[in-house]
Amino acid sequence: MLQTQLEGHPLVYLDSAATGLKSRQVIEAMASFLTHSDAPIHRAAYATSQRATELYHAGRSKVQHLIGARSPTEVIFTRGTTDSINLLAASIAQARLRPGDEVWVSAMEHHSNLVPWQMACKASGARLRCIPMDAHGNLQLTAFPPQTRILAVSHIGNVTGTVNPIEQLAQMAHQVGAWLVVDGAQAVGHRPIDVQALNCDFYAFSGHKMGGPTGIGVLYGREELLNLLPPTRGGGDMVETVTFEATSYAELPLKFEPGTPMTAEAIGLGAAVDYLNAIGLDNIHRHEQQLLSQAHSLLEPIDGLRILGTPAERAGLISCTVDGVHPLDLATLLSCRGVAIRSGHLCAQPTMAHFGISGCWRISFGPYTTQEDLELFGEALHWAIGRIKKGQQDF
Ligand code: PLP
């Protein structure tokens, strides 16, 4: 991908918050598995099946160590962040929410960490409430009422890049006996994550945003809480015994993983973890912070450009608008110069409403993003804004 051309120009990829590019190691691990070891796991007696089963579970333990979970049983494989939160919200709606209970979601959530909770509240009669955000894009935290059962907050906001104070939120949740669910889609792969140090109860993320494949994600949960929750999806592999009258479920993590799992994807995810560890997550974080300050110096002088939010701590992404320039026009023109950025509401319509806009554009970084990428982006941005403004004058 880094050697690919976009509209005849070398690709400048600044959309890692939407999906991360996959390293050669990830591609090769998946290709090698599919070429030499492909077999159904957990089921067959032949050697390739056993080898495939080992490789699949090795992927799980790599993820366990990446996030500091106590045991592999706390790592549930899902199809992505969205799937993880849907699974969790549906199970919590059944087992833990009653009329009068409250679920608090922040004002900066991606739709993935809002809509499933709306559904859970609708199903259970609980009430959905909003943790407000100030003009800088920081959460405004005050004590939660005793009827709070769930706080669901992103670790890093996908519009403002705000790094939320997860340890503090965990303390506030636990003070009222609530569980803290963290949407870590924008955090994993960009900085070291330790779920025990964060003290969260659940943590959801996607493989494809951390340089792994699409189609796989993770729901981390404390083992004692996962044991309390019922599965909401049934089928093969997640059961102990089945009769027409009743079914007993398998132990964690299989209880939440019905059906033939994403074997090649779990192996690719394990390879992505190896790749991140080889570079070092501290190094990746430092690198993205350097790019962030370069991006600030490049964007701030531009006439009419507004950066959404000035949070206390920002991760490696910036969303902007430019007066009189439609985000889609800008993204389309940039694409003509080989620059890939995201535009639109970024799956965060309430956040757009907070800033009084319907859409914006965003640049975001990964470990492979270079200073030169940002220089090329800067030149293309000036050219595109100039062209749009000139077009308006001529018109
Ligand atoms: N949460 C956040 C903060 C995100 O940025 C995204 C994707 O952009 C998601 C959730 C959803 O991730 P996925 O589409 O991989 O399920």
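The values are calculated or read from the model by the stated rules, or taken from the named source; none is laboratory data. For clarity, every value in this text was computed on a predicted model and none was experimentally measured. Reconstructed Cβ throughout: ideal geometry from the backbone, glycine too, with neighbour counts over all protein chains shown.
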Handout entry: Residue satisfying all of: in segment 91-110; outside any loop (DSSP other than H, G, I, E, B) and touching a helix residue (DSSP H, G or I) at 6+ places or on another chain (Cβ under 7 Å); surrounded by the fewest Cβ atoms within 10 Å (Cβ to Cβ) among these
Key = Ala95
Exercise for the section: For Leu139, state whether it is within 16 Å of the ligand (Cβ to nearest atom), crowded, with 23+ Cβ neighbours inside 10 Å, among the hydrophobic types (A, V, I, L, M, F, W, C) and closer than 27 Å to Gly68 by Cα. Expected result: no
Fill in the blank from the handout: Taking segment 1-23 and keeping only residues that are outside any loop (DSSP other than H, G, I, E, B) and either among the hydroxyl-bearing types (Ser, Thr, Tyr) or out of contact with any helix residue (DSSP H, G or I) (no Cβ under 9 Å at 6 or more places or on another chain) (or both), one is left with Gln5, Tyr13, Asp15
Exercise for the section: Go through segment 317-332 and give me each residue that's β-branched (Val, Ile, Thr) and closer than 10 Å to Ile385 by Cα. Expected result: Val322, Val325
Fill in the blank from the handout: If we keep only residues of segment 362-395 that are in a helix (DSSP H, G or I) and charged (D, E, K, R), then the residue modelled with the lowest pLDDT is Asp394
Practice task
Search segment 1-50 for residues being charged (D, E, K, R) and more than 16 Å from the ligand (Cβ to nearest atom), and hand back the single one that is farthest from Gly215 (Cα to Cα).
Solution key: Glu7
Handout entry: Residues being more than 16 Å from the ligand (Cβ to nearest atom) and of a type in the set (Phe, Trp, Tyr) - total across segment 53-109
Key = 2
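Results for (1) within 16 Å of the ligand (Cβ to nearest atom); (2) surrounded by 16 or more Cβ atoms within 10 Å (Cβ to Cβ); (3) closer than 18 Å to Gly137 by Cβ, shown as yes or no for each residue.
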| residue | (1), (2), (3) |
| --- | --- |
| Gly280 | no, no, no |
| Pro301 | no, no, no |
| Gly304 | no, no, no |
| Arg314 | yes, yes, yes |
| Asp323 | no, no, no |
| Leu330 | no, yes, no |
| Ser343 | yes, yes, no |
| Ala348 | yes, yes, yes |
Problem - Boolean, Glu251 is farther than 30 Å from Ala384 by Cα, in the same structural domain as Ser61 (by TED's automatic domain parsing), among the charged types (D, E, K, R) and within 16 Å of the ligand (Cβ to nearest atom) - result: no
Completion exercise
Here the residues within segment 196-226 that are on the phi < 0 side of the Ramachandran plot, surrounded by fewer than 24 Cβ atoms within 10 Å (Cβ to Cβ) and away from the ligand (no atom under 15 Å from the Cβ) are Gln196, Ala197, Leu198, Asp201, Arg222, Glu223, Glu224, Leu225, Leu226
Completion exercise
The correct count of residues that are under 15 Å from Pro261 (Cβ atoms) and outside any helix (DSSP H, G or I) in segment 51-87 is 6
